[in-house]
Amino acid sequence: MMLERTEVRCPWRNVFLLLLVLAYLKSRVSLADHSEGHPAETAEMNWTKAITFNTALTPTNLVAGYAERLKAFKDSLVMDTEWKDSDLVCLQEVHSVADQQAIALEARKIGLNYAYSDALNRTQPSTPSSAKACEIGVSAPFLTCASASGCGAKATPSEILNCLASSCTTQLGTVLNSTNGQECVNCMTTVPGGASAIQSCAFSIPRSNYYTKFGLLLLSRKPLQKTSWAFFSEFTNLYRRGYLQAEVDDIGTVLCTHLVPFAEGQTYLGRYGSFENENKQNVDKLLAALTGKRGIVMGDLNSGPAVPGKNVQALFATNFQSFMSEGNFIAPYVTDAGDCTFC
């Protein structure tokens with residue numbers, strides 16, 4: 001009986017500015033039978049090479065240099081060896097449907113012929129939706145408070161959210177509990193323009209006209225079968241998180257995800273008490289999706305162990321460890337490289 005091993009390897013070189021984060025593999029190792037003359041060191045190995053990368057391609061005021069990063073990423077995709085050698089790619093924060101379509105086309109040039117997201121094949125309406133990001137009937141008191149309190153003049157999404165949470169607590173709660181409350185908050189914290197942006201979310205910006213649900217894009221060299229997507233929870237800061245799921249021959253179930261982060265200096269607005277608790281809820285959902293299955297979890301997990309030899313500090317380390325202790329996963333990137341992926 002030959003040793004069969006599948007491993008996820010992530011490139012440790014940071015392609016440009018942001019994250020190359022961890023990928024996880026549910027252990028699938030059959031022991032070598034030495035009595036039959038098949039020692040482990042001579043057994044055939046089958047490798048699955050996976051890359052996960054947070055692109056930060058958000059065409060708003062969240063991260064500067066969007067156009068330059070988009071061009072740099074597409075150039076890297078067709079030129080760099082890491083991408084050309086990969087079997088699976090999980091991208092995070094590709095929020096524009098048009099960008100997802102453009103990246104999927106570029107990926108075909110290097111043999112990543114299969115792509116999936118919640119919105120990749122979605123037909124855009126021929127005319128913009130008349131519904132706005134914020135329902136004026138529900139959000140009018142909130143918008144009035146937000147403008148009067150000066151929250152729209154704040155410089156960053158974190159500052160806007162902190163201001164809204166402290167100055168317009170009651171009105172914000174009403175919006176969050178409304179049918180499209182998540183999208184309203186998304187709009188006000190991602191659209192450029194400060195105070196004018198807050199107003200435009202209710203009066204001019206259409207609902208879900210250009211953006212994906214959570215900015216994830218899964219690319220594969222093999223067909224992606226039984227594809228689906230799911231949210232983690234009803235509400236979280238900035239935008240809802242979730243995961244893409246697909247079945248891939250010889251690999252199993254693949255989950256591409258982006259878990260809730262520790263947003264330093266930002267008021268937590270979710271329903272789990274803290275960013276760390278919500279991150280653990282995300283982990284639990286992923287583990288549940290893989291119950292009884294062999295597979296890979298890859299993405300920006302916003303958690304990880306300390307690696308003293310690399311001067312890497314732990315972040316939500318208990319949550320990270322749950323993949324190993326509760327899900328029987330291994331973390332090849334940590335053991336094989338262990339370099340900082342967000343420095």
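The values are calculated or read from the model by the stated rules, or taken from the named source; none is laboratory data. Predicted model, so just to flag it, every value in this text is computed and none were measured. Here the Cβ is made from the backbone with ideal geometry for all residues, glycine too, and neighbour counts use every protein chain on show. To get the accessible areas, we keep the full protein, side chains included, count just its heavy atoms, and leave off ligands, DNA and RNA. Shrake-Rupley method; radii C 1.70, N 1.55, O 1.52, S 1.80 Å.
Consider LYS222 carefully, then state whether it is modelled with pLDDT of 80 or more and on the phi > 0 side of the Ramachandran plot. It is false that LYS222 is modelled with pLDDT of 80 or more and on the phi > 0 side of the Ramachandran plot. The lone criterion from (1) on the phi < 0 side of the Ramachandran plot; (2) buried (at least 23 other Cβ atoms within 10 Å of the Cβ); (3) among the polar types (S, T, N, Q) left unmet by ASN302 is number (1).
The combined condition, being within 21 Å of LEU218 (Cα to Cα) and open to solvent by 30 Å² or more (accessible area, probe 1.4 Å), is not fulfilled by ALA317.
Looking across segment 64-96, the residues that are in contact (Cβ under 8 Å) with a residue 60 or more places away in the chain and either crowded, with 21+ Cβ neighbours inside 10 Å or within 22 Å of GLU247 (Cβ to Cβ) (or both) come down to SER86, ASP87, LEU88, VAL89, CYS90, LEU91, GLN92, GLU93, VAL94, HIS95.
Selection of helices (runs of 4 or more DSSP H) fully inside segment 135-219 by the criterion of at least 3 residues being among the hydrophobic types (A, V, I, L, M, F, W, C), modelled with pLDDT under 75 and in contact with a strand residue (DSSP E or B) (Cβ under 9 Å, 6 or more places away or on another chain) returns nothing.
Counting residues that are touching a helix residue (DSSP H, G or I) at 6+ places or on another chain (Cβ under 7 Å) and at pLDDT 95 or above, which helices (runs of 4 or more DSSP H) fully inside segment 238-341 reach at least 2?
Those helices (runs of 4 or more DSSP H) span 275-289.
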